[in-house]
């Protein structure tokens with residue numbers, strides 16, 4: 001099964017209560033691709049970087065089976081950069097700096113060999129760009145998953161609502177679900193959002209797990225694995241999305257029951273991401289470790 005990933009490949013500079021980094025590898029598509037690599041041998045990437053993006057980062061992605069034919073390199077421009085500082089509880093953060101750089105004029109071009117993809121992951125990105133990707137596909141994928149955030153709800157709601165009409169699964173956090181729906185109760189929020197286009201909704205609640213809602217009233221809850229140490233939550237949501245879409249692509253089963261299993265794998269992948277800064281943990285993660293931790297999740301929720 002073919003998987004197409006669209007999103008940012010970027011630089012991040014991070015500060016948490018446990019330390020800080022200089023400019024390191026980041027971006028939604030980066031985390032999604034690294035996470036999905038544990039389920040699919042090859043994925044296809046559509047993104048953009050500047051001439052300052054090092055070859056070693058591209059080599060890393062390629063080594064994980066990420067096809068870079070759709071990665072635009074604008075040699076005379078700089079790569080998207082974000083800097084953030086996390087509060088003591090690690091659930092909130094302040095943006096220190098955002099430099100759109102190449103992202104400001106990004107016009108996605110989906111290579112012909114990617115235009116028949118069966119699974120599409122639209123990472124957190126400008127909704128207008130997400131829409132342009134959908135317009136280029138020659139055939140509608142079997143499953144389209146879209147991730148977004150409150151920034152686009154504040155600044156590009158019409159484009160976001162248009163994008164939602166064409167997707168199957170939406171993934172957002174609980175704060176964003178309330179903002180998008182105008183409802184405080186998450187069940188009511190989900191019911192309203194599911195009238196906007198998506199057939200399935202994932203509401204992420206960070207350390208409190210995630211909720212899966214189907215359009216026939218189905219609800220499933222996946223816990224988050226209790227961790228003794230959380231160093232950096234950056235990219236955890238994107239890693240979650242990569243695990244979800246990666247597992248569905250591998251199994252080629254988009255039933256609600258299989259999405260339950262995918263949600264547990266998504267939570268498993270996110271639990272690794274937060275253990276070190278940036279993509280560091282994902283770079284060395286083995287599939288054997290993934291399977292072992294997935295078994296821990298089974299024990300966590302199993303009742304005799």
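Worth pointing out:
- The chain - mean residue ellipticity at 222 nm from DSSP helices (-39,500 (n - 2.57) per run, n ≥ 4, rounded to 500): -11000 deg cm²/dmol
- Taking 255, 2 and counting other C-beta atoms within 10 Å, the order from fewest to most: 255, 2
- Full extension of the chain between residue 185 and residue 99 gives 27.5 nm of extra length, using 0.36 nm per residue less the Cα-Cα distance.
- More than 12 angstrom apart: percent of Cα pairs within segment 25-80: 63
- For residue 251 and residue 41, the difference between the fully extended length at 0.36 nm per residue and the C-alpha to C-alpha distance is 74.3 nm.
- Cα principal axis extents for the chain, largest first, Å: 58, 44, 37
- Fewest neighbouring Cβ atoms within 10 Å first, the residues 168, 147 line up as 168, 147.
- The chain: relative contact order as a whole-number percent, Cα under 8 Å and 6+ apart: 18
- Ranking of 117, 273 by count of other Cβ atoms within 10 Å, fewest first: 117, 273
- Based on the reciprocal of the average 1/r between different C-alpha atoms, the Kirkwood radius for segment 51-206 equals 17.5 Å.
- Shape of segment 140-257, Cα gyration tensor, a/c cut at 1.5: rounded
- Modelled label positions at residue 174 and residue 154, each set 7 Å beyond Cα in the direction of Cβ, lie 2.1 nm from each other.
- Site pair residue 275 and residue 162 shows an inter-label distance of 4.3 nm when each label is modelled 7 Å from Cα along Cα→Cβ.
- The label-point distance for residue 22 and residue 63, in a model that sets each label 7 Å from Cα toward Cβ, rounds to 2.1 nm.
Values in this text are rule-based calculations from the coordinates and carry no lab data. All values reported here derive from a predicted model rather than from experimental measurement. Positions of Cβ are generated from backbone atoms using ideal geometry, with glycine treated the same way; all protein chains shown enter the neighbour counts.
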